[in-house]
Amino acid sequence: MFDAAPSPGHDRRPLPPAQSPVRGGPGPRTSVSTQEGHSQADRPGKQRDPFFDNAKYLAIVLVALGHSWSAIKTDNRALEGLYNVVYTFHMPAFIVISGYFSRSFDMRPDRLKRLITGVAVPYLLFQIAYSLFRRYAGQASDPISLVSPYYLTWFLCALFIWRLTTPLWKLVRWPLPIALGIAMVGSMTPGIDDNLDLGRVLQFLPCFVLGLLLKPEHFALIRRRRVRILAVPVFAAALAIGWWTVPRVDGGWFYRQSSAQDLGEPWWTGPLMTLAMFGCALVLTACFLAWVPGRRTWFTALGAGTLYGYLLHGFVVKTSLYMGGFDLAMRHGLLGSLVVTVLAPAAITLLCTRPVQRVFRFAMEPRMEWAFRQDAAELAREREKKDRQRERERDLERERVSV
């Protein structure tokens, strides 16, 4: 979502050069929301790794495709099978990356401020915005609720909770098994999704914790040529299995939202499906990341705007739904599906661009200095940062004079 996203600091250290083909110059400057929780975000001389920007952009395209296909996949088994495959790994991939860039999060005041301004405030604003949008579109008359995330906003709510628990996951001895145990409990607890979308918060938790445990060399490992080749038959098998699951597996399992009882299944299927879905998501996420280019591409810069694309594209999808655009696509069969499949990536790409970021930065990355007190340590860090900047400027000036 989201930077699920999205969205989730940005590691400016390139992956190990001996294992990674990453090339190219520095990427665009990291935004406030993408810097959260990363200790190297303020260090001079560091560059964004284009691999992660590419991965975030490609993941957000899959998110847009999934939301668009959901409205037209009825009676189309092939499309629904593809939809199931995408929903198996696209959000886990985003969440793993979010966890990876949350590794350095602690309770330091400046990081808590970024968490509030980059996650909590956008959640509140877009929760209200989507509620008003539904009301004025004639689709709902319920009062606005800030504890029942609507549509896309669940990810911001989940990210806020996950990131706050980051220090705890660094403390415990077996973080991933514990997270899986919590997810399994969530999968067999009826009604858990009623507030704060806790069903998704708990069932996607292992993906976030896995991201916290990863290191640059792990990403370099899965980007080897042999892994990219192996990913081809793995995805082919996944597509075949996805087609097989359509009439046999309840689609609710792919959302990781409801308990087994809520899906009409016995309670013990919840833990089993939690482990199965996590295993499948892990394999497909690795295959997806193996295909992500490590060099700078035409869409690399868009990776810094994935939070914008994630939160805004919901208005486009819902407007199309309310105005009958998807019904029109369904009436045209294959042609309509192809048109939707082309327009969804085009729309999300536009929403990730710099002009859109400038317009909506007030909501996505509010500065809000007025709302916080600065402590002495933070003021000292800011002075040190300014001193380093002045020192670099003096060094550059001396170099120019000597030349």
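The values are calculated or read from the model by the stated rules, or taken from the named source; none is laboratory data. Values in this document were obtained by computation on a predicted structure and should not be read as measured data. Glycine gets a Cβ as well: all are built from the backbone with ideal geometry, and neighbour counts include every protein chain shown. Just the protein is used for accessible areas: all its heavy atoms, side chains included, with ligands, DNA and RNA removed. Shrake-Rupley method; radii C 1.70, N 1.55, O 1.52, S 1.80 Å.
The conditions of being open to solvent by less than 20 Å² (accessible area, probe 1.4 Å) and not in a helix (DSSP H, G or I) are met by residue 105. Within segment 140-157, the only residue that satisfies the criterion of being open to solvent by 60 Å² or more (accessible area, probe 1.4 Å) and either among the charged types (D, E, K, R) or closer than 18 Å to residue 67 by Cα (or both) is 142. Among the numbered criteria (1) among the aromatic types (Phe, Trp, Tyr); (2) farther than 16 Å from residue 199 by Cα; (3) open to solvent by less than 40 Å² (accessible area, probe 1.4 Å), which one does residue 253 miss? Against the list (1) among the aromatic types (Phe, Trp, Tyr); (2) farther than 16 Å from residue 199 by Cα; (3) open to solvent by less than 40 Å² (accessible area, probe 1.4 Å), residue 253 comes up short only on (2).
Summed over segment 256-278, residues that are open to solvent by 90 Å² or more (accessible area, probe 1.4 Å) and either in a helix (DSSP H, G or I) or farther than 20 Å from residue 198 by Cβ (or both) total 2. Residue-level check: of (1) open to solvent by less than 50 Å² (accessible area, probe 1.4 Å); (2) at pLDDT below 85, residue 368 misses just (2).
Of the residues in segment 243-253, none is in a helix (DSSP H, G or I) and among the basic types (Lys, Arg).
Beta carbons closer than 7 Å, at least 6 apart along the sequence or on distinct chains, pair a first residue in segment 125-142 that is in a loop (DSSP other than H, G, I, E, B) with a second that is modelled with pLDDT of 85 or more for 137/322; 139/322; 140/134; 141/135.
Scanning segment 46-60 for residues that are open to solvent by less than 20 Å² (accessible area, probe 1.4 Å) and among the hydrophobic types (A, V, I, L, M, F, W, C) turns up 51, 52, 55, 59, 60. What do you reckon, is residue 75 acidic (Asp, Glu), surrounded by fewer than 21 Cβ atoms within 10 Å (Cβ to Cβ), more than 26 Å from residue 218 (Cβ to Cβ) and modelled with pLDDT under 95? Yes: the conditions hold for residue 75. What is the residue count in segment 163-199 for residues that are touching an Asp or Glu at 6+ places or on another chain (Cβ under 7 Å) and either among the hydrophobic types (A, V, I, L, M, F, W, C) or closer than 26 Å to residue 264 by Cβ (or both)? Residues meeting the conditions: 2.
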